[in-house]
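Let me begin by handing over the structure; questions about it come next.
The values are calculated or read from the model by the stated rules, or taken from the named source; none is laboratory data. All values derive from a computational prediction rather than experimental measurement. Virtual Cβ from ideal backbone geometry, glycine too; neighbours counted across all protein chains shown.
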Ligand SMILES: *[C@@H]1O[C@H](CO)[C@@H](O)[C@H](O)[C@H]1NC(C)=O
Ligand SMILES: *[C@@H]1O[C@H](CO)[C@@H](O)[C@H](O)[C@H]1NC(C)=O
Ligand SMILES: *[C@@H]1O[C@H](CO)[C@@H](O)[C@H](O)[C@H]1NC(C)=O
């Protein structure tokens, strides 16, 4: 028996020694390429989570997985640490389309890029999000005009011309239909063209208890529909003068359980939300800590809106002329960043 134990210990000792020691790569790290299907699965879950907890503006689509790190978790499971590059889509958060079906804005439409650090737990083959930390930035106006000299760039969401254009466009929409009267929920983005001066706006709307006709007489009495009937819409409009407005709105079916309470609650006083004053887009910036299997973590399901210090967006320069470093003998290093799904900003 003693011999057996000694033998076992010896085997263990030998097998430990057999692993090469490299201080920069801890032994317990499992390497995954950024384009590994397992990395992509984790990223897809993270993106869905980010979109579900993003309270203003548009849904974001994955552009590339920049980094991934896998660490063991005691007593079981693994922690996935990901850095993701996202792009704004044309779908506002009130749009029920899944993000996979939402078009990413082309470079000529002044793209907005998102950067997220995400932590997930993988337990028994299932991922759950532990935390996310994101921020987003519009491409520079110089970049836009360089590829498209006449393309309008993003305007401030609280620009007087923008607010006037939204009011005129929504009034025209309400005059032209005989369904419910809609109120403004949020201005999504705005661009001002010159010669001729056209204000292009996008905005989310919400249905009230009034019909569009009733509202002409007593708009003050028009309340939002109750939570279990709440109905949203989204409009695109181009406003040249007050008599020359093109507006088109899509009204979505009521979706059970979807209330967007933060939008309906906070921003319907007729006032612009403070979050947009002085900004050209709705920042993806938020950090969120979920309560998955965590005893020490808060069990709140609400997103915690924190304000981490601003971090400049570091633009990655990929030179296709530089070949990938040769894979020689020794430990295999993960291949990152991963492929770009849309385009390089
Ligand atoms: C989303 O796209 C998929 C694949 O293209 C399609 O099968 C599905 O019907 C679309 N869903 C919606 C809601 O449009
Ligand atoms: C609105 O402006 C456009 C662009 O200048 C012009 O082509 C169109 O005829 C105008 N429509 C009306 C109704 O004035
Ligand atoms: C927009 O908001 C910013 C920040 O509150 C303010 O400085 C600016 O004057 C506002 N612009 C307009 C046109 O109201």
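Return the pairs, sorted by first residue and then second, in which the second residue is at pLDDT 70 or above and within 11 Å of ligand 3 (Cβ to nearest atom), the first residue lies in region 254-278 and is within 16 Å of residue 166 (Cβ to Cβ), the beta carbons are less than 8 Å apart, and the residues are 6+ apart or on different chains.
Filtered contacts from region 254-278: 272/157; 272/158; 272/163; 276/157; 276/158; 277/157; 277/158.
Still on this structure: Take residue 103 and tell me if it is within 17 Å of residue 188 (Cα to Cα) and surrounded by fewer than 16 Cβ atoms within 10 Å (Cβ to Cβ).
So residue 103 fits the description; yes.
In addition: If we keep just the residues of region 63-118 that are in contact with a helix residue (DSSP H, G or I) (Cβ under 8 Å, 6 or more places away or on another chain) and over 30 Å from residue 29 (Cα atoms), which is farthest from ligand 2 (Cβ to nearest atom)?
Here the residue is 99.
I'm trying to understand the selection: among the residues of region 180-215, which are surrounded by 13 or more Cβ atoms within 10 Å (Cβ to Cβ) and modelled with pLDDT under 90?
212, 213, 214, 215
Is it the case that some residue within region 74-91 is surrounded by fewer than 21 Cβ atoms within 10 Å (Cβ to Cβ) and free of Cβ contacts under 8 Å to residues at least 24 places away in the same chain?
Yes, region 74-91 contains a residue that is surrounded by fewer than 21 Cβ atoms within 10 Å (Cβ to Cβ) and free of Cβ contacts under 8 Å to residues at least 24 places away in the same chain.
Quick one: how many residues across region 216-242 are within 16 Å of ligand 2 (Cβ to nearest atom) and either over 24 Å from residue 154 (Cα atoms) or crowded, with 19+ Cβ neighbours inside 10 Å (or both)?
2
For region 127-142, does any single residue satisfy the condition of being out of contact with any strand residue (DSSP E or B) (no Cβ under 7 Å at 6 or more places or on another chain) and either assigned to a helix (DSSP H, G or I) or within 16 Å of ligand 2 (Cβ to nearest atom) (or both)?
Within region 127-142 (the criterion being out of contact with any strand residue (DSSP E or B) (no Cβ under 7 Å at 6 or more places or on another chain) and either assigned to a helix (DSSP H, G or I) or within 16 Å of ligand 2 (Cβ to nearest atom) (or both)), the answer is yes, since at least one residue qualifies.
Might you check whether a residue that is within 16 Å of ligand 1 (Cβ to nearest atom), farther than 30 Å from residue 74 by Cα and either at pLDDT below 80 or outside any strand (DSSP E or B) (or both) occurs anywhere in region 257-265?
yes
Here's a follow-up. Of the numbered conditions (1) out of contact with any helix residue (DSSP H, G or I) (no Cβ under 7 Å at 6 or more places or on another chain); (2) more than 28 Å from residue 43 (Cα to Cα); (3) away from ligand 3 (no atom under 16 Å from the Cβ), residue 131 fails exactly one; give the number of that condition.
Tallying (1) out of contact with any helix residue (DSSP H, G or I) (no Cβ under 7 Å at 6 or more places or on another chain); (2) more than 28 Å from residue 43 (Cα to Cα); (3) away from ligand 3 (no atom under 16 Å from the Cβ), residue 131 fails exactly one: (2).
Can you tell me which residue is farthest from residue 251 (Cα to Cα) among those in region 144-155 that are modelled with pLDDT under 95 and either within 16 Å of ligand 3 (Cβ to nearest atom) or part of a helix (DSSP H, G or I) (or both)?
Among residues in region 144-155 that are modelled with pLDDT under 95 and either within 16 Å of ligand 3 (Cβ to nearest atom) or part of a helix (DSSP H, G or I) (or both), the one farthest from residue 251 (Cα to Cα) is 146.
Determine if region 103-125 includes at least one residue that is more than 21 Å from residue 32 (Cβ to Cβ) and within 16 Å of ligand 1 (Cβ to nearest atom).
Yes, region 103-125 contains a residue that is more than 21 Å from residue 32 (Cβ to Cβ) and within 16 Å of ligand 1 (Cβ to nearest atom).
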